[in-house]
1. So which DSSP H runs in the chain come out at 24 Å plus along the axis (Cα) with average Kyte-Doolittle of at least 1.6?
2. Excluding I2 itself, what net charge comes from residues whose Cβ is under 15 Å from its Cβ, given Lys and Arg +1 and Asp and Glu -1?
3. When only C-alpha pairs under 8 Å and at least 6 residues apart count, what is the relative contact order of the chain, in percent?
4. Apply the Karplus parameterisation 6.51 cos²θ - 1.76 cosθ + 1.60, with θ equal to phi minus 60°, to every residue of the stretch 45-61 and state each ³J(HN,Hα) to the nearest whole Hz, in sequence, with x for glycine and proline.
5. Counting Lys and Arg as +1 and Asp and Glu as -1, what is the net charge of the other residues whose Cβ lies under 13 Å from the Cβ of A47?
6. Which order do peptides 10-17, 117-124, 279-286 fall in by mean Cβ count within 10 Å, highest first?
7. Highest first, please rank the peptides 227-233, 82-88 by the mean number of other Cβ atoms sitting within 10 Å of their residues.
8. Please work out the Cα center distance from the stretch 182-200 to the stretch 1-18, rounded to the nearest Å.
Amino acid sequence: MIPGAFAYHRPSSVDEAVALLADLGEDARPLGGGHSLIPLMKLRFAAPAHLVDLGGIGDLKGIREEGGDIVIGAMVTQHELIASGLLAAKLPILAETSRVIADPQVRYVGTLGGNVANGDPGNDMPAVMIALDASYELTGKGGKRSVPARGYYKGAYDTALQPGEILSAIRIPTPAAGHGYAYEKLKRKVGDYATAAAAVVLIMQGGKVASCAIGLTNVADTPLFAEEAGGILTGSALDAEKVKKAVAAAEAITSPASDRRGSPHYRTKMAGVMLQRALARAKSRAS
Ligand SMILES: Cc1cc2nc3c(=O)[nH]c(=O)nc-3n(C[C@H](O)[C@H](O)[C@H](O)COP(=O)(O)OP(=O)(O)OC[C@H]3O[C@@H](n4cnc5c(N)ncnc54)[C@H](O)[C@@H]3O)c2cc1C
């Protein structure tokens, strides 16, 4: 299938990109790797008159440490997240999550910025960013602002990004060395979006949970922050009774759609199973 006609723009700086987007108005869309947007255009679910390709902007690339944070440019691909030595050492959950996204062909081109900016509840990275308490740098003609991942998602494809803005970088507070982490995803086959998935980032001290943050994928219109579930586990040794309570609290905030991946009840229960597995694996990795 072939998308409708559009004009193609390839700016070489962030300033040029946001000026173009502001001038072209709501008929223009930023283009990252194109692996979500182009399929939608081929199906005629999206028909932007202008695409502003961010691929030529060097400032949107790179992974670096800044203060106590890790800052990742929006145009860093999912493959580059897997290949990064810095992330392997400090934020291994990003490679673990990237590996369960689609297939290598998609990951070579699909970007982290596109994955989190998009607002598709089926995208895997947003729940991970919520668990990591990341924030998104949004840049428009008037300058930059920072929005926490936990406050960015308003509904399906409805986010805090304003027309004329791009998501320029993702800033993640570096978790303490020895933190436990896991991303558990149930999918029907390789390359599928999640039936349900759970991200866990926790810190254990003296055999007890000092902090625990949980994100859930594809079980509501938005990625979910299971704050109550994390609170239930804090101070516990992740014993079976507390895990059961936390899983129930996480399941209670889901409201999945019925689709080819299963009924709402099934997908809610699978979110609970994914969370239970993610907690066990995160605990086994924590030191
Ligand atoms: C076969 C297939 C299977 C897939 N399976 C999965 C999966 O299991 N899990 C998963 O998470 N994803 C999956 N994807 C999606 C893939 O990971 C996408 O590449 C990714 O979600 C979007 O990144 P992109 O760079 O391709 O964004 P694009 O497609 O270029 O853009 C997506 C949206 O975000 C906007 N956008 C892009 N970059 C920016 C930016 N910097 N600032 C503001 N807005 C921006 C665009 O305007 C568009 O609305 C799959 C894709 C395919 C084709």
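1. none
2. Working: positive: K42, R44; negative: none.
Its environment carries a net charge of +2.
3. 16
4. 7, 9, 9, x, 7, 9, 10, 9, 6, 8, x, x, 9, x, 5, 8, 9
5. +1
6. Descending packing order for the listed peptides: 117-124, 279-286, 10-17.
7. Numbers: 227-233: 20.0, 82-88: 15.0.
Highest to lowest by the protection proxy: 227-233, 82-88.
8. Rounded to whole Å, the Cα centres lie 32 Å apart.
Read-outs: derived from the displayed coordinates by stated rules, not from any lab. Note that the coordinates shown come from a computational prediction; the quantities given were computed from them, not determined experimentally. Methodologically, a virtual Cβ is constructed for each residue, glycine included, from the backbone with ideal geometry; neighbour enumeration extends over all protein chains shown.
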